[in-house]
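Reading through the structure tokens given below for one structure.
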Amino acid sequence: MRRIWIEAVATVFMAAMLAGCATSKDEVLPHGDNTMLDIWDQQTGGSAGSSQAARQLLDARQSLRRPLTEADLQAAPAANAGYTRTAANEVHSQFHRLPNPDLVMYVFPHLAGTDPAPVPGYTTVFPLYQRVQYALPGERTEDY
């Protein structure tokens with residue numbers, strides 16, 4: 001009974017594979033005379049500036065725009081100054097190092113090597129993280 005099911009599934013699978021191979025590329029993706037630029041212009045109203053769709057799109061964009069006020073124009077340099085690299089702010093790092101605490105570990109006396117030689121106990125220091133990590137500009141690096 002199980003073998004019949006396996007053969008039936010295999011037959012259906014093979015029929016589906018052969019049907020997929022029977023279609024042609026031109027049937028699935030028909031070719032036309034339009035280029036991608038023509039399609040883009042048709043959908044967005046690109047080079048045909050007098051089309052109704054292009055006019056509606058332009059009107060919608062104009063209604064969302066607002067003119068810059070004098071206060072906006074005066075505040076722009078101060079707002080952009082934080083993102084501009086100068087000699088003054090280059091001295092202060094924009095990417096602060098994140099804390100990487102040192103761990104102190106005591107190694108107990110032990111025997112080491114192929115000829116077991118006694119090693120006295122000692123203390124070693126190593127960083128918690130393997131690599132130095134940096135904060136992104138604007139991230140808080142101080143304690144909360």
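General remarks:
- Most mobile listed residue (Gln74, Gln56, Gln130) in the chain, GNM with C-alpha springs under 10 Å: Gln130
- Distances between placed amide hydrogens fall under 5 Å for Val119 paired with His110, Leu111, Ala112, all partners being 5 or more residues away or on another chain.
- Dividing the summed -39500 (n - 2.57) terms of all DSSP H runs of n ≥ 4 by the residue count of the chain sets its mean residue ellipticity at 222 nm at -13500 deg cm²/dmol.
- 3J(HN,Hα) from dihedral phi, segment 115-129, Karplus parametrisation 6.51/-1.76/1.60, rounded to Hz, x for glycine, proline: 9, x, 9, x, 10, x, x, 8, 10, 10, 10, 8, x, 5, 9
- Sorted ascending by nearby beta carbons within 10 Å, beginning with the fewest, Asp33, Asp102 become Asp33, Asp102.
- Relative contact order (%) - the chain, alpha-carbon pairs under 8 angstrom, separation at least six: 15 percent
- Distances between placed amide hydrogens fall under 5 Å for His96 paired with Ala135, all partners being 5 or more residues away or on another chain.
- Under the span-like rule (Cα at least 15 Å along the axis, Kyte-Doolittle mean at least -1.0), DSSP H helices of the chain: 2-22, 52-64, 70-81
- Here segment 1-78 yields Rg over Rh of 1.49, to two decimals, using C-alpha coordinates and the Kirkwood radius.
- Taken over the Cα atoms of the chain, the convex hull encloses 579 Å³ per residue.
- The chain: most fluctuating residue of Pro99, Pro77, Pro116 per GNM, C-alpha cutoff 10 Å: Pro116
Computed from the coordinates by the stated procedures, all read-outs in this text should not be read as laboratory data. These numbers come from a predicted model, not from an experiment. Please note: Cβ atoms are built from the backbone with ideal geometry, for glycine as well, and neighbour counts cover all protein chains shown.
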